[in-house]
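Some notes on the structure that comes next.
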Amino acid sequence: MKVPTPTLVSFAVTRECNLKCKHCYSQSIDSPHPRELDTAEARRLIGQIAETGARLIILDGGEPLMRSDIFELVRHARSAGLTPVMGSNGTLITPEAAMKLADAGLEAIAISLDGADAETHDAFRGLQGAWEQTLQGIENIRRACIPFQIAPTLRHRCWEQWGAIADKAKEWGAKAVEVFD
């Protein structure tokens with residue numbers, strides 16, 4: 001029996017994260033994991049993923065922008081024939097980072113947004129001010145012309161705000177809303 005070629009591969013490039021989200025499945029930490037792949041190892045793995053025939057690579061984590069080499073990894077994925085996309089909390093997407101991601105060939109990005117207001121989002125994300133930083137990240141992505149989607153994690157409070165989140169996503173120009181539960 002022939003094993004089908006994967007069409008997409010999700011690569012958690014780091015466990016490191018600047019937030020303390022209540023739901024985090026990645027066991028995020030505030031410094032690089034001792035066994036985290038270095039740049040050369042990550043590039044080699046991306047090359048191996050491309051050799052499988054996969055077309056899409058999702059770079060996530062943790063927070064991928066905690067890696068100083070993330071722009072190089074995006075560029076390498078693109079040059080290996082993959083379509084690189086990213087999952088991010090949005091808080092570290094400065095104007096410079098957004099332009100570097102665009103220049104590296106990032107195809108799209110999913111931004112985590114876990115409420116329709118600062119109080120709800122910040123409480124879930126574990127950082128006061130995360131809402132404003134995320135909104136600024138979205139604006140920076142828009143200015144860099146990188147398509148984006150909003151990715152809320154549904155739980156009781158977020159579920160109650162689902163309609164408002166979807167309305168905001170549309171208002172901001174998101175291409176989609178991808179719900180996690």
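The values are calculated or read from the model by the stated rules, or taken from the named source; none is laboratory data. Just so it is clear, the structure is predicted and the values come from calculations on it, not from any experiment. Reconstructed Cβ throughout: ideal geometry from the backbone, glycine too, with neighbour counts over all protein chains shown.
Out of the residues in region 100-124 that are under 23 Å from residue 67 (Cβ atoms) and either in contact with a Gly (Cβ under 8 Å, 6 or more places away or on another chain) or among the aromatic types (Phe, Trp, Tyr) (or both), which is surrounded by the fewest Cβ atoms within 10 Å (Cβ to Cβ)? Filtering region 100-124 for residues that are under 23 Å from residue 67 (Cβ atoms) and either in contact with a Gly (Cβ under 8 Å, 6 or more places away or on another chain) or among the aromatic types (Phe, Trp, Tyr) (or both), the one surrounded by the fewest Cβ atoms within 10 Å (Cβ to Cβ) comes out as 110. Applying the criterion of at least 2 residues that are within 23 Å of residue 64 (Cβ to Cβ) to the helices (runs of 4 or more DSSP H) found wholly in region 125-181 leaves 130-143, 162-172. Scanning region 138-181 for residues that are in contact with a helix residue (DSSP H, G or I) (Cβ under 9 Å, 6 or more places away or on another chain) and aromatic (Phe, Trp, Tyr), we see that the one that is farthest from residue 109 (Cα to Cα) is 172. In the set (1) in a helix (DSSP H, G or I); (2) at pLDDT 95 or above, residue 122 fails one condition alone, (2). Where helices (runs of 4 or more DSSP H) fall wholly inside region 1-106, the ranges with 2 or more residues that are at pLDDT 95 or above, touching a helix residue (DSSP H, G or I) at 6+ places or on another chain (Cβ under 7 Å) and more than 25 Å from residue 133 (Cβ to Cβ) are 39-51, 70-79.
Residues in region 125-137 that are in contact with a helix residue (DSSP H, G or I) (Cβ under 6 Å, 6 or more places away or on another chain) and of a type outside the set (Gly, Ala, Ser) were compared, and the one that is modelled with the highest pLDDT is 131. In the set (1) of a type in the set (Val, Ile, Thr); (2) within 25 Å of residue 10 (Cβ to Cβ); (3) without any contact (Cβ under 8 Å) to a residue 60 or more places away in the chain, the condition left unmet by residue 120 is number (2).
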